[in-house]
Amino acid sequence: MATFYYPIWWYVAPTIINTFLEAYDFSNKTITLFATSGSSGLGNTVKELKVSAPNALIKEGLLLNNLTTQKVKELLAL
């Protein structure tokens with residue numbers, strides 16, 4: 001399993017994330033996405049990243065905007 005944390009840029013991950021996925025073999029791995037954004041949601045992120053890691057299972061995780069201390073504690077307890 002791999003987790004990726006990044007800012008959303010106009011509903012997609014920064015291209016450096018695609019570059020990283022293309023550089024390594026994520027076949028049969030699960031990738032969970034976590035992101036921040038000033039105004040947009042995760043949008044087309046999963047679809048756009050799937051092209052760079054076609055044999056991985058890419059799951060939409062959480063948009064980590066406006067987190068409270070309590071919410072961070074809950075997330076860390078997972």
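The values are calculated or read from the model by the stated rules, or taken from the named source; none is laboratory data. None of the values given here were measured: they were computed from a predicted structure. Positions of Cβ are backbone-derived with ideal geometry, glycine not excepted, and every protein chain shown enters the neighbour counts. Heavy atoms of the whole protein, side chains included, go into the accessibility calculation; ligands, DNA and RNA do not. Shrake-Rupley method; radii C 1.70, N 1.55, O 1.52, S 1.80 Å.
Would you mind getting the accessible area per residue of the chain, heavy atoms of the protein chains only, 1.4 Å probe, in Å²? Provide the component values of the computation, followed by the final result.
Details: 5370 Å² over 78 residues.
That works out to 69 Å² per residue.
Mind jotting down a quarter of the surface of the convex hull over the alpha carbons of the chain, in square nanometres, one decimal?
Numbers: hull surface 20.4 nm².
Over every viewing direction, the Cα hull of the chain projects on average to 5.1 nm².
Which order do Phe20, Phe34 take by accessible area at a 1.4 Å probe, largest first? Before the final figure, lay out each step's value.
Working: Phe20 90, Phe34 40 Å².
Listed by decreasing accessible area, they come as Phe20, Phe34.
Can you give the % of DSSP beta bridges in the chain that are antiparallel, to the nearest 5? Provide the component values of the computation, followed by the final result.
On the way: 1 of 13 bridges.
Here the antiparallel bridges make up roughly 10 percent for the chain.
Roughly what would the spin-label model give for Ala23 and Ser40, points 7 Å off Cα along C-beta, in nm?
Label-label distance for Ala23 and Ser40, simple model: 2.4 nm.
Can you give me the long-range amide H partners of Ala2? Hydrogens built in the peptide plane at 1.01 Å from N, cutoff under 5 Å, separation of 5 or more residues or another chain.
Thr30, Ile31, Thr32
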